[in-house]
1. Under 27 Å from residue 133 (Cα atoms), within 15 Å of the chain's Cα centre (by Cα), assigned by TED's automatic domain parsing to the domain that holds residue 147 and in contact (Cβ under 8 Å) with a residue 24 or more places away in the chain: which single residue out of 107, 80, 102 fits that description?
2. Return yes when residue 130 is part of a helix (DSSP H, G or I), touching a strand residue (DSSP E or B) at 6+ places or on another chain (Cβ under 7 Å), outside the structural domain of residue 35 (by TED's automatic domain parsing) and in contact (Cβ under 8 Å) with a residue 24 or more places away in the chain and no when it is not.
3. Just wondering, is there one or more residues in the stretch 156-177 that are surrounded by fewer than 15 Cβ atoms within 10 Å (Cβ to Cβ), in contact (Cβ under 8 Å) with a residue 12 or more places away in the chain and assigned to a loop (DSSP other than H, G, I, E, B)?
4. With the checklist (1) within 27 Å of residue 159 (Cβ to Cβ); (2) over 18 Å from the mean Cα position of the chain (by Cα); (3) buried (at least 17 other Cβ atoms within 10 Å of the Cβ) in hand, flag the one item residue 35 doesn't pass.
């Protein structure tokens, strides 16, 4: 019986790269209270949304230029590719910021999904669409992210969920909702029963 195709869908900020976005500062500059920035912008008038989006994109551009890869990110992607496992990037960030990140670190993914491409996390819809394009069942996909929305999205889609918690950071209260919790991206390979590369 042939092995079913698998995919790993990574979040970007805080997962593949160290987080440099200060959302509290972004909310203050826009004039927002607590809560998700993108959803707040979606409720604004066209003029207000244009101003808020410009502020957000300015911060995203600076963060993308300064971004640093998490330890093990390149190795994990290389190992997954060597096993013919599809690798996707799914982020609430902008396409422009993603392009800067990809060029800076010379990374390539089988599919990239940004906020300009359609529904966003926590909706499961982006996972359904990514999996459809990769010809992978959602049940055979692994979602890896550092935020609650990543886990909610994966659970709703029926994918395996992996919460990445940077070393030294306390585990969030929703950690128990994920199938796995890791503090190093290379632990993902262990959870998937995949051996690391021998260099």
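The values are calculated or read from the model by the stated rules, or taken from the named source; none is laboratory data. Note that the structure is a prediction, hence the values are computed from the model and not measured. Note: ideal-geometry Cβ built from the backbone for every residue, glycine included; neighbour counts use all protein chains shown.
1. Result of the check over 107, 80, 102: 107.
2. When the stated conditions are applied, residue 130 passes them.
3. Checking the stretch 156-177: at least one residue is surrounded by fewer than 15 Cβ atoms within 10 Å (Cβ to Cβ), in contact (Cβ under 8 Å) with a residue 12 or more places away in the chain and assigned to a loop (DSSP other than H, G, I, E, B).
4. (3)
Condition check ((1) more than 22 Å from residue 174 (Cβ to Cβ); (2) touching a helix residue (DSSP H, G or I) at 6+ places or on another chain (Cβ under 8 Å); (3) outside any helix (DSSP H, G or I)) across all residues:
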{"site": "108", "(1), (2), (3)": "yes, yes, yes"}
{"site": "122", "(1), (2), (3)": "no, yes, yes"}
{"site": "143", "(1), (2), (3)": "no, yes, yes"}
{"site": "151", "(1), (2), (3)": "no, yes, no"}
